[in-house]
């Protein structure tokens, strides 16, 4: 199963209006539960579906989501044909269960076929959210020669010849930037940098380039 997309399970409908989780006395269950949290982008989903081509397709989808208590934040037509439209409906829900109810409501609209559902928060976290990038763009061979080899060897040799250069050319210097910007002197910033590096297990790399 593709981890970026999933099929949303069916929510069991209540038969007794007094047990309706939405607080709707009619038992229709179309609104947001009484006292429930408001829809949030943190629980944003994108539903890929197909609808009959026609002038009412968009309003039909937005009305369905709104009646289910969600907020439509985007509608993108990803493919169109003579009879059918494929649309990505992005909407905010109040929690995971609410997102499931929105999808269930969309499945119940006549002529709508739901294909995929993606949780946008989990999509953003696939593979992690932190990346390591070069501080300098590598646009040509000259850049490569200075940033990587043989340029990096020259810097390493300079640090070996003059260890004091480690204060301005190494990992420790980068970590010290924050404390120094907060007004700490060099010695205090260095101690704090060592502390942070030690907390993440990187102290042995403090003086590496």
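The values are calculated or read from the model by the stated rules, or taken from the named source; none is laboratory data. Given the structure is predicted, the values throughout are model-derived calculations rather than measurements. Heads up, the Cβs are rebuilt from the backbone with ideal geometry, glycines too, and the neighbour counts pull from every protein chain shown.
Here are the numbers for this structure:
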| quantity | calculated |
| --- | --- |
| Residue count for segment 137-162, restricted to those that are assigned to a helix (DSSP H, G or I) and in contact with a helix residue (DSSP H, G or I) (Cβ under 8 Å, 6 or more places away or on another chain) | 5 |
| Flag if residue 134 is outside any loop (DSSP other than H, G, I, E, B) and either out of contact with any strand residue (DSSP E or B) (no Cβ under 6 Å at 6 or more places or on another chain) or at pLDDT 80 or above (or both) | no |
| Residue within segment 156-177 that is closer than 26 Å to residue 51 by Cα and at pLDDT 80 or above present | no |
| Unique residue being within 17 Å of residue 52 (Cβ to Cβ) and free of Cβ contacts under 8 Å to residues at least 12 places away in the same chain when the list is 84, 107 | 107 |
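Table: residues versus (1) at pLDDT 90 or above; (2) closer than 19 Å to residue 122 by Cα; (3) in a strand (DSSP E or B); (4) touching a helix residue (DSSP H, G or I) at 6+ places or on another chain (Cβ under 6 Å).
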{"site": "32", "(1), (2), (3), (4)": "no, no, no, no"}
{"site": "58", "(1), (2), (3), (4)": "no, no, no, no"}
{"site": "62", "(1), (2), (3), (4)": "yes, no, no, no"}
{"site": "74", "(1), (2), (3), (4)": "yes, yes, yes, no"}
{"site": "87", "(1), (2), (3), (4)": "yes, no, yes, no"}
{"site": "90", "(1), (2), (3), (4)": "yes, yes, yes, no"}
{"site": "109", "(1), (2), (3), (4)": "yes, no, no, yes"}
